[in-house]
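What follows is a set of notes on a single structure, which appears directly below.
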Amino acid sequence: MTTQGSSEITPEQAQQTVDEVRLAYSRLREEVRKVIVGQDQVVDQILTAVFCRGHALVVGVPGLAKTLLISTLARTLSLGFSRVQFTPDLMPSDITGTEVIEEDKSTGSRSLRFVKGPIFANVILADEINRTPPKTQAALLEAMQERQVTVGGMRHMLPAPFFVLATQNPIEQEGTYPLPEAQLDRFMFEVKIGYPTAEEEYAIVKRTTGGPPASVQPVMSAEEIERVQTLVRAMPIAEHVVRYALRLVRCTRIKEPMDSGLPRPKMVTEYLAWGAGPRASEYMVLGAKANAILSGSNHVTIEHVRAVARPVLRHRILTNFNAEADGVTTDAIIEAMLKEIPADATSASDKRQLDAVVKG
């Protein structure tokens, strides 16, 4: 079997990689569960983004512990943490920092000194990111993509590792500034957080109305996180799995023909206006690698790609007016793609011919 990256590590090293990352993952989950009840899938997706050097956008209604989840995760990672509450009057310098005039009292000379803003941390909680104007969002975009900020013509590198974990309220849109597509594309995942189950809500109420809140302990250092990130990228992946990930992404580009003459799902042609770019393909493969490791597998399968397809694609594809009129969401379109796009590139007609040859 042809694999991508198989020359980098052996099967034995791959298993060692799985064991090492799984240990780190279980330690993190144990600490997070001291504070957060349920939301296992949300926690998994955020940790997957962290292990892939990606940013995550967490979308959910108020009161679902989005901010608490991210701040708790930051404490378990033993990293520098900054929370920025995004408001309409927030300026770029409020997050990046600014230059101030400093006077030397002994000589009387004056010089400019750069005072770092809250973005100079490892984990940035961008709370209600869509409430700030585009100028400030553009400053954050540079930080997310380039891992640097530019102030007064001077570039200042951000610490490593660096993650932006942003929150967004999907129901209250008055007075908000929707994120531009270029910035949405920088988020590896859009993570949807929903209401807890009845039993989970019971546990939440018992925990928050009882004794003092639980404290979490840091279990991973910056060096350990960077080590895990390197291990995830070195994970081998078969060529046919990579091509399946590409097939899913390329299916969303409705103005281009489908690969190998495969039919495009009806929901895609009827309800999509624009498809995902190459960055979606990159994150699909990286996310599948991390998902494989977190599930205890030393190789990546089609199912691992399917597991990350929704958070990777849902904010990268644009629906048309027909979808809005019929109440069709991007998740519904992705679900149709996962059901109808085959794991291999064999078209339906080719399969019928092959079946006839086999039966004959």
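The values are calculated or read from the model by the stated rules, or taken from the named source; none is laboratory data. Fair warning: this is a prediction, and the values are worked out from it, not measured in the lab. For neighbour counting, all protein chains shown are included, and Cβ atoms are generated from backbone atoms with ideal geometry for every residue, glycine included.
Details
- In region 1-42, the qualifying residues are those that are hydroxyl-bearing (Ser, Thr, Tyr) and at pLDDT below 75, and the one that is farthest from THR230 (Cα to Cα) is THR2.
- For region 261-320, filtering for residues that are of a type in the set (Lys, Arg) and closer than 13 Å to MET235 by Cβ leaves 1.
- Of all residues in region 250-263, at least one satisfies being in the same structural domain as LEU318 (by TED's automatic domain parsing), in a loop (DSSP other than H, G, I, E, B), free of Cβ contacts under 8 Å to residues at least 12 places away in the same chain and crowded, with 18+ Cβ neighbours inside 10 Å.
- Being assigned to a helix (DSSP H, G or I), surrounded by 15 or more Cβ atoms within 10 Å (Cβ to Cβ) and at pLDDT 90 or above is a description that applies to ALA336.
- Residues within region 320-340 that are in contact with a helix residue (DSSP H, G or I) (Cβ under 8 Å, 6 or more places away or on another chain), more than 24 Å from GLY54 (Cβ to Cβ) and not small (Gly, Ala, Ser), tallied: 4
- Listed here are the strands (runs of 3 or more DSSP E) enclosed by region 43-144 that have at least 3 residues being at pLDDT 85 or above and either surrounded by 15 or more Cβ atoms within 10 Å (Cβ to Cβ) or of a type outside the set (D, E, K, R) (or both): 55-59, 81-85, 123-127.
- Which numbered condition ALA307 fails, given (1) touching a helix residue (DSSP H, G or I) at 6+ places or on another chain (Cβ under 7 Å); (2) touching a residue at least 24 places away in the same chain (Cβ under 8 Å): (2)
- Failed item, numbered, when ILE193 is tested on (1) surrounded by 15 or more Cβ atoms within 10 Å (Cβ to Cβ); (2) outside the structural domain of HIS55 (by TED's automatic domain parsing); (3) modelled with pLDDT under 90: (2)
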